[in-house]
């Protein structure tokens, strides 16, 4: 079973970000970078399937030279090899443009299964995986928490709203976007780190893929959220005030 896992390198969650001078993106100089969280769960799902059924896990990632460190991390955790798409202008490409890059290198591999994270921690669009499925002409499902291989294809568990779940069957090959939290993530072992140094990382230059990179969605401006304070006095009995407070926390502050 050949499984392709598409990953993205994103700023660490605790990183202090600043908007760049053109207000088109964040200032990347001095940032620490990490594997996108839901992509880490996609990798873990692939590794568990490989351990149960055998096969190969191939990691694919696009970005500037620095993504090599994150690719090596995935190899240290158990991926067999990787394809690195050298693309210095990844930030200027929309979800369709990124999916085209991935599709160009995934299709010749003829995988049995393609896994991506549900969404990236930086942009959070949640579109690249499903667009990739369309470009490859493969069936897909999103919000996946667990995957089981069957004699006829796959059985997957999807997370729905309000604590509901759905189990569906798909044929293979297929594309799945993986939700965070479906399994426990593994750490790279010392032996895994040593082995990663000898595993193949094939470099592909984005310019050589002959892909139309003109975006259909343009990011016009990036801005940090503004903080504001307001005070509201809640009237009524203690019970009424508590009910009103819960409603405001749920639907206005969105913290519950």
_segment 9-58, residues that are in contact with a strand residue (DSSP E or B) (Cβ under 6 Å, 6 or more places away or on another chain), under 18 Å from residue 126 (Cα atoms) and part of a helix (DSSP H, G or I)_ = 38, 39, 41, 42, 43
*What residue, of 163, 192, is farther than 30 Å from residue 135 by Cα, exposed (fewer than 14 other Cβ atoms within 10 Å of the Cβ) and under 23 Å from the mean Cα position of the chain (by Cα)?*
163
*Does residue 132 qualify as being closer than 18 Å to residue 41 by Cβ, touching a strand residue (DSSP E or B) at 6+ places or on another chain (Cβ under 9 Å), modelled with pLDDT of 95 or more and assigned to a helix (DSSP H, G or I)?*
yes
_Suppose we filter segment 207-219 for residues that are touching a residue at least 60 places away in the same chain (Cβ under 8 Å) and part of a helix (DSSP H, G or I); how many remain?_
1
*Any idea which of 222, 204 is touching a helix residue (DSSP H, G or I) at 6+ places or on another chain (Cβ under 9 Å), surrounded by 10 or more Cβ atoms within 10 Å (Cβ to Cβ), in contact (Cβ under 8 Å) with a residue 40 or more places away in the chain and under 28 Å from residue 68 (Cα atoms)?*
204
_Tell me the residue from 71, 83 that is part of a strand (DSSP E or B), in the same structural domain as residue 178 (by TED's automatic domain parsing) and either in contact (Cβ under 8 Å) with a residue 60 or more places away in the chain or touching a helix residue (DSSP H, G or I) at 6+ places or on another chain (Cβ under 9 Å) (or both), please._
83
*What do you reckon, is residue 95 in the same structural domain as residue 205 (by TED's automatic domain parsing), at pLDDT 90 or above and out of contact with any strand residue (DSSP E or B) (no Cβ under 7 Å at 6 or more places or on another chain)?*
yes
*Does residue 114 count as assigned to a strand (DSSP E or B) and either closer than 16 Å to residue 6 by Cα or not assigned by TED's automatic domain parsing to the domain that holds residue 54 (or both)?*
yes
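The values are calculated or read from the model by the stated rules, or taken from the named source; none is laboratory data. Since we're looking at a predicted model, the values are computed, not measured. Backbone-built Cβ (ideal geometry, glycine too); neighbour counts: all protein chains shown.
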